[in-house]
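Written out below as structure tokens is the structure these notes cover.
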Amino acid sequence: MDFNYTPAEEQFRSELRAWLADALPQGWGATTFEPEDEEARAMFRLAWERKLHAGGWAGINWPKEYGGRGATLIERAIFAEEMARARAPEGINIIGQNLVGATLLRHGTEAQKQRFLPKILSSEEVWCQGFSEPNAGSDLAAVRTRAELRDGKFVVNGQKVWTSFAQYSHWCFALVRTDPDAPKHKGLSFLLIDMQSPGISIRPLKQISGENEFNETFFDDVEVPAENIVGDLNGGWKIAMTTLAFERGPE
């Protein structure tokens, strides 16, 4: 078995290494670092993600038809190695790219893919995750946030917690209860919710560090178009399991 990199793989590494050397701020990791202020750091990371996208290095494992590079497993390993070697900044839209994007690629409609994937990849739209609730942490199927279908729209009421980066997010994917009479794993649906919708409020959870990466998110009669459901009505548990598989690590 040949464990050497192919010429194409070596070229991939060289191109990425050269791009990083040019794209990272001068003195990065030695004299130049991320901003200490929480909001400034978030905006710095967002700008970095957008620079990656402009350079053609966002979503390298995504299919080419949706803006990715269709990278091989070896190329993805090289990408991770070079990003670590350069101590490149983290992104802020990791949830969007690693969780939402990956889930939509497998379960989204073509209309959903066309609408959401380009703006996830470019980080034009940042995403947060609406899974955990005060009484539904490790027992995710116990979520109580309700979504009732009325006149072609879901009306959402409830609370989510530990919503990372909600204050910077444009969209949220949420697991909600759409059939309160069904067994708890059977009455859930997976919704895509515009964070600018009336009725959404965000309350920061201040950490001992003084920062508030995490938040509580409240939904008060929030209207969500019916076409923003991923998968089948009351079939959200299957979709959530796909998402959680990617939360353990990108494919």
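The values are calculated or read from the model by the stated rules, or taken from the named source; none is laboratory data. Here the structure is a predicted model, which is why all the values come from computation and not from measurement. All Cβ positions, glycine included, derive from the backbone under ideal geometry; neighbour counts span all protein chains shown. These accessible areas exclude ligands, DNA and RNA; they are computed on the full protein's heavy atoms, side chains included. Shrake-Rupley method; radii C 1.70, N 1.55, O 1.52, S 1.80 Å.
When the test is whether a residue is in contact (Cβ under 8 Å) with a residue 40 or more places away in the chain, open to solvent by less than 30 Å² (accessible area, probe 1.4 Å), in a loop (DSSP other than H, G, I, E, B) and among the hydrophobic types (A, V, I, L, M, F, W, C), ALA182 passes it.
Of all residues in segment 113-131, those being surrounded by fewer than 19 Cβ atoms within 10 Å (Cβ to Cβ), among the polar types (S, T, N, Q) and either touching a strand residue (DSSP E or B) at 6+ places or on another chain (Cβ under 8 Å) or within 24 Å of PHE219 (Cα to Cα) (or both) number 0. A single entry from ALA8, ALA54, ALA84, ALA88 fulfils the requirement of being of a type in the set (Gly, Ala, Ser), in contact (Cβ under 8 Å) with a residue 60 or more places away in the chain and over 29 Å from PHE190 (Cα atoms): ALA88.
Selection of first residues in segment 226-240 that are among the aromatic types (Phe, Trp, Tyr) and of second residues that are outside any helix (DSSP H, G or I) and buried (at least 18 other Cβ atoms within 10 Å of the Cβ), restricted to Cβ pairs under 7 Å at least 6 apart or on distinct chains, gives the following pairs, ordered by first then second residue: TRP237/LEU188.
When you look at GLU216, is it touching a residue at least 60 places away in the same chain (Cβ under 8 Å) and either of a type in the set (D, E, K, R) or part of a strand (DSSP E or B) (or both), yes or no?
Criteria not met by GLU216.
Only a single criterion out of (1) within 24 Å of GLY108 (Cα to Cα); (2) in contact with an Asp or Glu (Cβ under 8 Å, 6 or more places away or on another chain) is not satisfied by ALA174, namely (2). So is ASN93 among the polar types (S, T, N, Q) and either more than 22 Å from GLU211 (Cβ to Cβ) or open to solvent by 10 Å² or more (accessible area, probe 1.4 Å) (or both) or not? Considered against the rule, which asks whether it is among the polar types (S, T, N, Q) and either more than 22 Å from GLU211 (Cβ to Cβ) or open to solvent by 10 Å² or more (accessible area, probe 1.4 Å) (or both), ASN93 comes out as no. LEU175 meets each of the listed conditions (1) more than 15 Å from the chain's Cα centre (by Cα); (2) open to solvent by less than 20 Å² (accessible area, probe 1.4 Å) apart from (1).
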